[in-house]
Amino acid sequence: MDRAQTDTRIRGLIEPFNKKGVAIDDTTTFAGDLEFDSLTVMDFVAAIEDEFDIIISMNQQAEIENYGQLVDAVCKLQGD
Amino acid sequence: MTDLFSKFDPLIQQRETLLASGVEDPFNLVMEKVLSPTRAICNGRETILLGTYNYMGMTFDPDVIQAGKDALDNFGSGTTGSRVLNGTYQGHREVEDALKEFYAMDHAMVFSTGYQANLGIISTIAGKDDYIVLDIDSHASIWDGCSLGNAQIVPFKHNDIEAMEKRLRRIPEGAGKLVVLEGVYSMMGDIAPLKDMIAVAKANGAMVLVDEAHSMGFIGPNGRGVAEDQGVLDQVDFVIGTFSKSVGTVGGFCVSNHPKFEIMRLVCRPYVFTASLPPSVVATAATSIRKLMHGSNKRAHLWENSRTLHAGLKALGFQLGTDVPQSAIIAVIMPDLERGAGMWEALLREGLYVNLARPPATPANMTLLRCSLCAEHSSEQVQTILAMFERAGKATGII
């Protein structure tokens, strides 16, 4: 799966969590722009993990602040 | 002024707003005198204690107190040393022997607190490239044990067996795996389906650590906890526990049948680099643990108290953390922090102390009034408690 396809699928998954309908690009941050709290993060991460059959450990999550970093991380984790 | 404390400004503001409304500070209560395991003088008022985790009421047991006094006379007030240097006295050996007997396990290691037991064991056994799979509602000491170590941390939704299994299956081949669970979750007072969860963990090649802090002494045929009650204690690699609840003093421990367990005493930093428990504390703990082996009548009364309080609060219209009583903790769910603090204060004025629990300690940002029962609460006291809840609940509009 290339980056564009991964991006499309993540965009579909993020929709129910994007309650305020924030316009999302690679620089959109989860804590700041999307106002995700820790419970939302857990549910959102679980949705991505199940969709791509990967694990994103909390150690890896700590490095992911914005949307573009998430897409990159998912691409990398699928390749591993 | 902006400095390192600026990050605490929102919390300082929230506290000031709460206290400005006139309520007593729920996090600054002083017990001026403790009359028994269930009664104290708090802020000048005689108060029934319903939030102490003193499940078996051992704090005023005459044998326990005498053991502590004897140890003070014979061994002094403190050890001034690490367990691995000058801090292991006869009493430390004796309390570890008592634990081995209580759990029928080969090894027991005593820490200075329960917090340090989780911190030490979890951070030491799971190293870099190992995976810790844990319940998202785990106690702070478990999370801090994860933070102190270098393992990959993978949480799953509370008590969700399928979510746990999916994560275990995705862990790369060859990586070490530790599943961390609790018997009783202390915020809502619910128990874990350990039998099914441990079977899944074992099928996926993981070691299992279970924190039984809130079950020791009264859950399971021998009071060994939820894993014993569900018949899977022999599948648990490490049981973590504490002396600060049913045992009635302070300290923490890990018991295990692992043949190499004793090496922990040399490699576990929160065990090595701190002073050991005072002689009086290990003496009271050892005496209390041995008495808990024969506590079946007290256990039965504690369960009766838990059932009566749960049914009574439910009938009054309070929203509770569990549909049926699963432990000696009953969580009463409050609509928000302000009204929760108001209800907490109304109860205190009635002469009842419960814990006000708030985020981030609570799941799902809830405010809880957490009640923990004691085997020494009389049936009459439980009825008195219910009447206090009814008056306070109506006065504050919660029911």
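The values are calculated or read from the model by the stated rules, or taken from the named source; none is laboratory data. This is a predicted model, so every value here is computed, not measured. For neighbour counting, all protein chains shown are included, and Cβ atoms are generated from backbone atoms with ideal geometry for every residue, glycine included. Protein only, heavy atoms only, side chains kept; ligands, DNA and RNA dropped before computing areas. Shrake-Rupley method; radii C 1.70, N 1.55, O 1.52, S 1.80 Å.
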Need one number: nm distance between label points at B:Asn365 and B:Ile399, each 7 Å from Cα along Cα→Cβ, rounded to one decimal.
2.8 nm
Lys and Arg at +1, Asp and Glu at -1: add these up for the other residues within a Cβ distance under 13 Å of B:Met188 and post the number.
-4
Would you mind telling me the antiparallel percentage of the DSSP bridges in region B:141-259, rounded to 5?
45 percent
Looking only at region B:123-160, which residues have a backbone nitrogen under 19 Å from a spot 7 Å from the Cα of A:Asp50 in the C-beta direction?
B:134-137, B:154-160
What lysines does B:Lys177 reach when the alpha-carbon gap must be under 17 Å and sequence neighbours fewer than 8 apart in one chain are set aside?
B:Lys128, B:Lys166, B:Lys202
Full extension from B:Arg45 to B:Arg93: what is 0.36 nm times the residue separation minus their Cα-Cα distance, to one decimal in nm?
13.2 nm
Once you place label points 7 Å from the Cα toward the Cβ at B:Leu85 and B:Ile12, how far apart are they in nm?
3.8 nm
Based on the alpha-carbon gyration tensor of region B:61-292 and its eigenvalue square roots a ≥ b ≥ c, which shape applies: rounded if a/c is under 1.5, prolate if not and a/b is larger than b/c, or oblate?
prolate
In nanometres, what is the gap between the two model label sites at B:Leu19 and B:Gln235, each 7 Å from Cα along Cα-to-Cβ?
4.9 nm
Summed buried accessible surface, chains A and B, 1.4 Å probe, nearest 100 Å²:
1200 Å²
Which of B:Ala357, B:Ala346, B:Ala199 fluctuates most in a GNM of chain B (C-alpha springs under 10 Å)? That residue is B:Ala199
As a test of the formula, what do you get for chain B when each DSSP H run with n ≥ 4 contributes -39,500 (n - 2.57) and the sum is divided by the residue count, at 222 nm and rounded to the nearest 500 deg cm²/dmol?
-12000 deg cm²/dmol
Once phi is turned into θ = phi - 60°, what whole-Hz ³J(HN,Hα) does the Karplus curve with 6.51, -1.76 and 1.60 give for every residue of region B:174-183, x standing for Gly and Pro?
x, 6, x, 10, 10, 9, 10, 10, 10, x
Using Cα springs under 10 Å in a Gaussian network model of chain B, which residue among B:Lys291, B:Lys33, B:Lys260 shows the largest mean-square fluctuation?
B:Lys260
Using +1 at the Cβ of each Lys and Arg and -1 at the Cβ of each Asp and Glu in the protein assembly as shown, identify which of B:Thr322, B:Met207, B:Leu134 lies farthest towards the dipole's positive end.
B:Thr322
Using a/c under 1.5 as the rounded threshold, could you call region B:85-141 rounded, prolate or oblate? The axes a ≥ b ≥ c are square roots of the C-alpha gyration tensor eigenvalues, and prolate needs a/b larger than b/c, oblate otherwise.
prolate
Percent antiparallel among DSSP beta bridges with both residues in chain B, to the nearest 5?
60 percent
Which cross-chain or sequence-distant (5 or more) residues have an amide H under 5 Å from the amide H of B:Val208, H modelled 1.01 Å from N in plane?
B:Val179, B:Asp237, B:Phe238
Below 26 Å, Cα to Cα, which lysines can A:Lys20 reach? Residues fewer than 8 away in the same chain don't count.
B:Lys157
Carbon plus sulfur, as percent of the 1.4 Å-probe accessible area of the protein assembly as shown, comes to 52 percent
Determine the percent antiparallel among the DSSP beta bridges restricted to the protein assembly as shown, to the nearest 5.
60 percent
1/(1 + (r/R0)^6) with r = Cβ-Cβ of A:Lys76 and B:Ser296, R0 = 51 Å, i.e. FRET efficiency to nearest 0.05, evaluates to 0.35
Please calculate how many Å² of accessible area region A:3-78 carries per residue, with a 1.4 Å probe and no DNA, RNA or ligand atoms counted.
53 Å²
Cα gyration tensor of region A:3-78, axes a ≥ b ≥ c as square roots of the eigenvalues: rounded (a/c below 1.5), prolate (a/b > b/c) or oblate?
rounded
Taking a label point 7 Å from the Cα of B:Leu148 along Cα-to-Cβ, the residues of region B:115-139 whose backbone nitrogen sits under 15 Å from it are B:115-127, B:139
Pairs over 18 Å Cα to Cα, from B:Lys195/B:Lys245; B:Lys245/B:Lys298; B:Lys100/B:Lys291; B:Lys314/B:Lys394; B:Lys195/B:Lys291, come to B:Lys195/B:Lys245; B:Lys195/B:Lys291
With springs only between Cα atoms under 10 Å apart, run a GNM on chain B and tell me which of B:Leu11, B:Leu29, B:Leu352 wobbles the most.
B:Leu11
For chain B, report the accessible area per residue in Å² (1.4 Å probe, heavy atoms, rounded to an integer).
42 Å²
Per-residue average of other protein chain Cβ atoms inside 10 Å, peptide A:47-53 -> 2
